[in-house]
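Structure first, commentary second.
The values are calculated or read from the model by the stated rules, or taken from the named source; none is laboratory data. Keep in mind it's a predicted model, so treat the numbers as computed, not measured. Every residue, glycine as well, gets a Cβ built from its backbone with ideal geometry; the counts of neighbours run over all protein chains shown.
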Amino acid sequence: MSGRVLAFVGIILVAANLRTAVGALSPILGRISADLPLDPVVVGLLGSMPPVCFAIFGILTPALVRRTKLEVVLIAALGAILLGHLIRGIAGDVLVLVLGSAVTFAGLGLGNVLLPPIVKKYFPDRIALITTIYVTMLSVSTLVPPLVAVPVADAASWRVSLAMWAGVSVIALVPWLTLLATDRRAPAAPALEAAKSDVVGRLWRSPLAWSLAVVFGLSSLNAYAMFAWLPSLVQDIVGVSDATAGAWLSIYAFMGFPAGLIIPILAARMKNVALLVYVAIGCLVAGYAGFLLAPTSVPVLWVVLIGLGPLLFPLALVLINLRTRTHDGAIALSSFVQSVGYVIGAVGPLVVGITHDVTGGWTVPLIVLVCVAFVGVFAGAVVARDRAIEDGA
């Protein structure tokens, strides 16, 4: 029982770390640029780094878990996040800033993949509930950094604004270190290791795995495109200040909060989860169309609608567990979906940045995002089928 309590606290605290490094950067890029030269290519690179690192380390996570315990790899992930925050805070040039970001995002990539199987290990009887709680905390860790980044940078410095999140990582280490120290007899995870290579090989031919990766990838692509460029977009076409743009980015992030509360529970109970995919696509299209057709009329509404689009994220996370029967399958599917999904997501900031740079405006980038959103229609129909990966879905 004590192990479950520690694991519950630990899951929540890990989730509190998994988006801070992403949301803390873009609102203060102007202040960083005053000390370090950040051209559009570097900004695009920083915007694309999270999903790229998430994809790479998502692929590596199953191999790391096979050599030790889930908890040990999770502690290593938190250590990388902590170190990356500190490196970013002391960065004396652009290269060090990029290096610190890469270290942090590597830790985030490990943590992303590990949380679903951790939930399945400790709470197999409460998957939807625990997923709801930790996705809600993910939303909090997404919305708070852009909200406080500018005020902290103004009051102290941009270095403090970036480095202060290391404290959250230190706190998150406590329950997992305690769990390892007090529960040496905890079973190593995952179970059924002998079947892993077969499961992983099957995923590359699985329509369900690819469709889940597309659903996850659409969420990732839109989210990272907005985290990288939404402040610039609203400043250019609406004319708001950088502080207001940061606040609107927090509003965008906040919309993941109600989605995180509702979607996992709905997905566990609904017979046709494709409806949730279609609602997300509709929100994305409506929000982008609003900025295209009437950008200054109700811009906050357009931000809210775009923010509801990534309800695909908690949906994909809970489906990883609902569409698997074993720890082995959950880790393999989590790694596959998040790796492929974040590769798709990495395209978002780059495409938006390049098309904006080439055309000198936001019309073409927004049209591209609208077109990409419709890809999810086909994936939604496949993920709605109630079959498990282990059964050849």
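When the residues of region 122-167 are filtered to those that are touching a Ser or Thr at 6+ places or on another chain (Cβ under 6 Å) and in a helix (DSSP H, G or I), which remaining residue is nearest to Met255 (Cα to Cα)?
Leu143
Looking at (1) under 20 Å from Val214 (Cβ atoms); (2) touching a Ser or Thr at 6+ places or on another chain (Cβ under 6 Å), can you tell me which one Leu261 breaks?
So Leu261 meets the others, but not (1).
Tell me which residues, restricted to region 137-157, are among the small types (Gly, Ala, Ser) and closer than 16 Å to Ala228 by Cα.
Of everything in region 137-157, just one residue is among the small types (Gly, Ala, Ser) and closer than 16 Å to Ala228 by Cα, namely Ala149.
Any idea which residue in region 370-393 is surrounded by the most Cβ atoms within 10 Å (Cβ to Cβ), counting only those that are over 21 Å from Gly290 (Cα atoms) and within 21 Å of the chain's Cα centre (by Cα)?
Val383
Could you give me the residue pairs with C-beta distances under 9 Å whose first residue belongs to region 126-144 and is over 24 Å from Ala24 (Cα atoms), whose second residue is of a type in the set (Ser, Thr, Tyr) and part of a helix (DSSP H, G or I) wherever it lies, and which are 6+ apart or on separate chains?
Once the first residue is over 24 Å from Ala24 (Cα atoms) and sits in region 126-144, its partners that are of a type in the set (Ser, Thr, Tyr) and part of a helix (DSSP H, G or I) give Ile130/Tyr122.
For Pro117, state whether it is surrounded by 21 or more Cβ atoms within 10 Å (Cβ to Cβ), under 19 Å from Gly30 (Cα atoms) and modelled with pLDDT under 90.
When the stated conditions are applied, Pro117 does not pass them.
Would you mind telling me which numbered condition in (1) in contact with a Gly (Cβ under 6 Å, 6 or more places away or on another chain); (2) within 21 Å of Ser157 (Cβ to Cβ) Cys53 fails?
Answer for Cys53: the failing condition is (2).
Inside region 356-378, can you point out the residues that are assigned to a helix (DSSP H, G or I) and of a type in the set (A, V, I, L, M)?
If the condition is that a residue be assigned to a helix (DSSP H, G or I) and of a type in the set (A, V, I, L, M), then Val358, Val364, Leu366, Ile367, Val368, Leu369, Val370, Val372, Ala373, Val377 are the ones that fit.
Looking only at region 319-348, which residues are under 30 Å from Trp248 (Cβ atoms) and within 14 Å of the chain's Cα centre (by Cα)?
Val337, Gln338, Gly341, Tyr342, Val343, Ile344, Gly345, Ala346, Gly348
Looking at Ile81, is it part of a helix (DSSP H, G or I), within 22 Å of Ala149 (Cβ to Cβ), among the β-branched types (Val, Ile, Thr) and modelled with pLDDT of 95 or more?
yes
If you take the residues of region 61-111 that are of a type in the set (Lys, Arg) and more than 20 Å from the chain's Cα centre (by Cα), which of them is surrounded by the most Cβ atoms within 10 Å (Cβ to Cβ)?
My answer is Lys69.
Does Val240 count as farther than 18 Å from Asn321 by Cβ and not in a helix (DSSP H, G or I)?
For Val240, the condition - farther than 18 Å from Asn321 by Cβ and not in a helix (DSSP H, G or I) - is met.
Can Val148 be described as of a type outside the set (D, E, K, R), in contact with a Pro (Cβ under 8 Å, 6 or more places away or on another chain) and either under 22 Å from Asp242 (Cβ atoms) or modelled with pLDDT of 85 or more (or both)?
no
Just to be sure before I move on: is Pro295 touching a residue at least 60 places away in the same chain (Cβ under 8 Å) and either part of a helix (DSSP H, G or I) or of a type outside the set (S, T, N, Q) (or both) in the structure I sent?
In short, no.
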